[in-house]
Each structure stands twice: as C-alpha cells, then as structure tokens.
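This report concerns only the one structure given below.
The values are calculated or read from the model by the stated rules, or taken from the named source; none is laboratory data. Everything quoted here is computed from the prediction, not taken from an experiment. Counting neighbours? That spans all protein chains shown, and the Cβs are built from the backbone with ideal geometry, glycine included. These area figures cover heavy atoms from the full protein model, side chains too; ligands, DNA and RNA do not enter into them. Shrake-Rupley method; radii C 1.70, N 1.55, O 1.52, S 1.80 Å.
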Amino acid sequence: MSIEIPAGLEDLLVRFTVEVLRNQPRDPLDFAVQYFQRLNQNQNQNRGGGSSESLPSPTAARPGAVVSGTGQFERGPANRKRTPVAIRFTRRVSVSAETYNPDDEDEELREPRIVHPKTDEQRQRLQEACKHILLFKNLDAEQMSQVLDAMFERRVEVGELIIEQDDDGDNFYVIERGTFSIYMKVDGLERLVGTYNNRGSFGELALMYNTQRAATIITTSAGALWCLDRMTFRRIIVRNNAKKRKLYEAFVESVPLLESLQSVERMKVVDVLGCQTYSDGERIIAQGDSADCFYIVESGQVRIVLNKKGAETEIAVCSRGQYFGELALITNKPRAASAYAVGTVKCLVMDVQAFERLLGPCKDIMKRNIANYEEQLARLFERDVDGHTETAVLQPRLLSN
C-alpha cells in the first residue's frame with residue numbers, strides 16, 4: 001500500500017522546522033500551536049492572493065523578556081537583575097550534537113580549514129591575548145598557527161550576554177580586554193560565582209564534552225574577545241587533548257590529591273592542564289605575587305622558599321606527584337612563599353578558573369594540609385626567651401604556597 005504525501009506538506013514542515021531551529025523555544029509544543037494558529041490566521045486574511053512567506057514566528061523569549069525593535073531580546077522587569085544595565089542578546093541557533101572522533105586521522109582532512117584574515121596589528125594583539133592560555137600550551141607551531149588563523153575578533157559592550165547557561169556551545173572565547181561576570185544557577189537561583197578581569201578564557205567545556213553551557217557570562221565593561229569556532233576547536237584542541245589524556249592518564253591517577261575524584265573528573269582535570277618546563281634555579285612563583293595558577297610536579301624537584309626580613313629559608317621540597325601554589329588560591333591572598341626549580345623541572349599547570357571549577361572535592365584535603373603548614377611556619381619563626389629563632393626540621397609536604 002502506498003501513501004500519497006499531500007501537496008505542500010513537505011514545504012510546510014521544512015519552514016516550521018527552520019523556525020524552531022531559529023528560535024529555540026523552551027516549549028516546542030506551545031511554539032507549534034502558536035505557529036500554526038498564526039499561519040492559519042495569515043492565510044485566512046490573505047486568501048485570494050496573499051502569501052504566508054512573511055509570517056512572523058511566535059516569540060520564543062523566556063518569561064519576562066521583551067523583544068526590542070531591532071529583534072533583540074532585552075531583560076524585562078520580571079527577570080532577575082544581574083547588573084544595573086540592560087542586558088541585550090540575540091538567541092543563537094542551536095548547534096547540532098555532532099559526533100567527533102579525535103582518533104580519526106581522516107577527520108582533519110574532511111574538515112575545511114577556516115581562516116579569518118587579520119592585519120598585522122590584529123594578529124599581534126591576538127598572539128598577546130593567547131600567550132597565557134593553558135589550552136594552547138601543548139599545541140605545536142602548525143596547530144597554533146591554524147588556531148590563530150581561525151579566530152575572529154568580537155567587540156563587546158557593557159551588559160552584553162556572551163554565553164548563557166544551558167545553551168549549546170558555538171565558540172571558545174579568549175579575553176583581550178574587558179571585565180566579565182560569571183553566573184551559575186544554584187538551588188534555582190542565579191548567583192555570581194566569579195569574574196574575569198582583562199585576561200583569561202571561557203567556553204571550552206561545552207565544546208570539549210558536547211554539553212550545554214555550564215555558566216552564564218556577561219560583560220561588565222566594554223572590551224574585546226577573540227572567538228574560535230566549534231569545529232576548529234574540536235579538530236585541533238580536542239584532538240590534542242585526547243593525545244594528552246593518553247600521555248598523562250596514568251600519572252594523574254597516581255597523584256594522591258586526586259584520589260578522591262572520580263575517573264571522569266580526573267580526565268577533566270587532564271583536559272585543562274598545561275605543561276611547563278623550568279630550568280635549574282628558575283623561579284616558578286614569587287612570594288607576594290597574586291595567584292593565578294596551581295602546580296603539580298611531573299618530574300624533578302621544586303624548592304619552596306620563604307623570605308622573612310630579607311633572609312630566605314627553605315621550608316619544603318616538592319617532588320613528583322606533589323603540588324604547590326594552592327594556598328593563595330584558596331585563601332585569596334598573595335603568594336606566601338617562592339618556588340624554585342631544582343635541576344630541570346616539568347610541572348602540570350592549572351589556571352585559577354579551572355582550579356575552582358574542578359578541584360572542589362579536593363579542597364578539604366588541601367585545607368587540612370594548610371592547617372599543618374601554618375603550624376610549621378609558626379614553629380619555624382617562634383622566638384624563645386633569649387630572642388633566638390627556634391628552628392624546626394620541616395618534612396617535604398604535598399602543599400606549599
């Protein structure tokens with residue numbers, strides 16, 4: 001038995017599907033009811049020569065939002081307030097949940113290389129902005145060149161919504177300048193959980209794991225971002241991270257601090273780790289500096305040195321699998337000590353945003369070690385009745401500045 005498809009059905013469904021993908025309604029059924037009611041009204045009004053091609057689609061705005069004359073959404077009074085300025089954004093088209101196999105060697109050949117032309121001045125600014133991005137640290141020269149070619153500049157204004165929690169991921173963002181607030185839904189309420197100040201990057205998680213955005217990012221001052229499209233990110237960064245996982249999987253599993261993490265969580269840690277090599281005597285962190293990174297020693301040794309009234313005292317030596325640099329991140333204070341390489345040292349490095357996001361389950365362990373560390377420092381600089389400094393033999397620890 002054959003079934004005849006009614007004339008016009010295919011075109012009708014195609015146009016409806018396009019509207020759904022364009023508007024991304026929270027409730028597709030309600031959107032469909034509105035769409036076809038309006039379509040029917042439009043056809044009734046235009047019978048005898050009218051056309052339904054100009055049919056406006058139902059508004060897919062969230063509760064409390066209003067549509068401006070430019071077609072952009074602006075926060076209405078019913079919405080929660082994040083900043084004192086109006087928040088403007090355009091709803092993105094959904095990104096399909098395409099599969100990507102980082103072990104497929106032919107994948108790179110099938111995907112066209114994206115190039116956005118840049119002036120010499122733009123490229124110089126881009127290189128400067130990307131200089132400290134840990135995700136790029138393990139790329140070779142050719143891969144880094146392709147990443148820089150594919151990135152494009154986006155100027156942003158105060159109150160602009162860059163990404164929204166639960167949306168699909170389309171780009172990875174590197175901050176050239178500007179300040180940005182990070183919001184996450186906690187117990188049903190949206191709360192400020194962090195900020196970016198003229199440096200950093202965001203948006204990688206949704207692209208790495210093909211998931212929805214984990215947070216909302218809003219600009220709090222005018223600035224500029226460099227954006228890397230989803231496919232280039234996955235083709236280069238995800239492929240590179242897959243190789244890095246194989247390289248560091250066994251090592252990360254052997255780090256005592258990370259034993260409390262589940263296997264999936266440890267692999268996410270690997271994904272955000274960069275690798276830095278230091279020569280003998282090179283200073284890794286400086287006492288008094290602001291904290292932006294956390295370190296795990298992969299090979300070699302690191303001396304932790306405290307400067308007290310101009311005199312340097314070695315308080316610990318960290319070796320393979322041990323870590324340092326977390327104290328300042330947890331206490332939000334400047335670095336409490338300096339760290340120097342002993343011989344050639346290789347460290348795995350995690351930036352402060354990834355530290356906050358991924359190592360929450362490990363913080364209780366770190367805090368216990370911090371209490372022990374502070375007790376050791378108190379003993380080291382405790383003065384006896386004769387005014388002499390009482391010395392203490394400090395054992396190498398898993399924790400330092």
Simple spin-label estimate for L29 and D289 in nanometres, 7 Å along Cα-Cβ: 5.8 nm
Cα-based radius of gyration of region 225-320 once divided by 2.2 N^0.38 Å, which approximates compact folds: 1.38
Carbon and sulfur %, accessible surface of region 192-347 computed with the full protein complex present, 1.4 Å: 46 percent
Mean accessible surface per residue for region 215-270, computed with a 1.4 Å probe while every protein chain stays in place, in Å²: 35 Å²
Point-to-point label distance, L21-E259, nm (Cα→Cβ direction, 7 Å offset): 5.1 nm
Distance violations [Cα-Cα > 27 Å] among K246/K346; K131/K244; K246/K333; K243/K346: K246/K333
For V158, distant residues with modelled amide H under 5 Å away: A222
Rounded FRET efficiency, nearest 0.05, which uses the C-beta distance separating I5 from Y209 and R0 of 35 Å: 0.35
Distance cut-off 23 Å, percentage of C-alpha pairs in region 139-261 lying past it: 42 percent
